[in-house]
1. What number of residues in the stretch 28-52 are over 20 Å from Pro79 (Cα atoms) and either assigned to a loop (DSSP other than H, G, I, E, B) or of a type outside the set (A, V, I, L, M) (or both)?
2. Which of the residues belonging to the stretch 43-72 are within 15 Å of Leu4 (Cα to Cα), of a type in the set (Gly, Ala, Ser) and surrounded by fewer than 17 Cβ atoms within 10 Å (Cβ to Cβ)?
3. Does the stretch 1-25 hold any residues that are assigned to a strand (DSSP E or B) and either at pLDDT 95 or above or closer than 13 Å to Ile61 by Cβ (or both), and which are they?
4. State which residue is surrounded by the most Cβ atoms within 10 Å (Cβ to Cβ) when the search covers only the stretch 107-143 and only residues that are over 20 Å from Asn81 (Cα atoms) and among the β-branched types (Val, Ile, Thr).
5. Kindly check whether there is at least one residue in the stretch 90-106 that is over 27 Å from Glu129 (Cβ atoms) and either surrounded by fewer than 17 Cβ atoms within 10 Å (Cβ to Cβ) or β-branched (Val, Ile, Thr) (or both).
6. Got at least one residue in the stretch 116-128 being over 21 Å from Ala42 (Cβ atoms), at pLDDT below 95, part of a strand (DSSP E or B) and among the charged types (D, E, K, R)?
7. Please specify each residue of the stretch 74-94 satisfying the condition of being closer than 13 Å to Arg3 by Cβ and not in a loop (DSSP other than H, G, I, E, B).
8. Any residue in the stretch 38-58 that is free of Cβ contacts under 8 Å to residues at least 40 places away in the same chain sitting within a Cβ distance under 7 Å of a residue that is part of a helix (DSSP H, G or I) and of a type in the set (D, E, K, R)? List the pairs, counting only those 6 or more apart or interchain.
Amino acid sequence: MQRLQFYVGHWNEAGGMRDDPEKPFSDIAGSETCRWSAGGYAVVCEERTEGPGGGWDGVYILSYDAAGGQYHVYGTEKPGNNIHAVGRLDGDRWIWITDPAPDGSRVRYTFAPAGTGARTMAVEVGEGESWFGIVNIKYTASN
């Protein structure tokens, strides 16, 4: 559970997003607050990001299933998108992969440390070995 401390804090966001790999990234910015909850057995994150199409608002619950030996995230985003992903650590990077969509595609979220008080997130969509980036964000700690 303590490995989830990586997410805890108040974060400012800056980055880019796109919906087509042939298009350039458009600027996005926002903030996220993550805190321990459920007596230290979960991390709850609330995020608000502004950008193309109005951006998004989301709430996410990150936890560790000791019986199954896996990390999970459950989230809901405006306008009603729900996600579930299973996560793992690869060195110092977190990799989360969502359950398959009806078309078989998945979303992969990769978080990595980016120096003191910072982390990055790359979001890719795909299936099998074919992935393309749709979001890149740098999170910087704010107090």
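The values are calculated or read from the model by the stated rules, or taken from the named source; none is laboratory data. As the structure is a computational prediction, the values presented were derived from the model and not from experiment. Using ideal geometry, Cβ is built from the backbone for each residue, glycine included, and neighbour counts are taken over all protein chains shown.
1. Final tally of qualifying residues: 7.
2. Ala66, Gly69
3. Passing the criteria: Gly9, His10, Trp11, Asn12, Glu13, Ala14, Gly15, Gly16.
4. Looking at residues that are over 20 Å from Asn81 (Cα atoms) and among the β-branched types (Val, Ile, Thr), I get Thr120.
5. No, the conditions are met nowhere in the stretch 90-106.
6. Yes - at least one qualifying residue is present in the stretch 116-128.
7. Gly87, Arg88, Leu89, Asp90, Arg93, Trp94
8. Short answer, once both residue conditions are applied: none.
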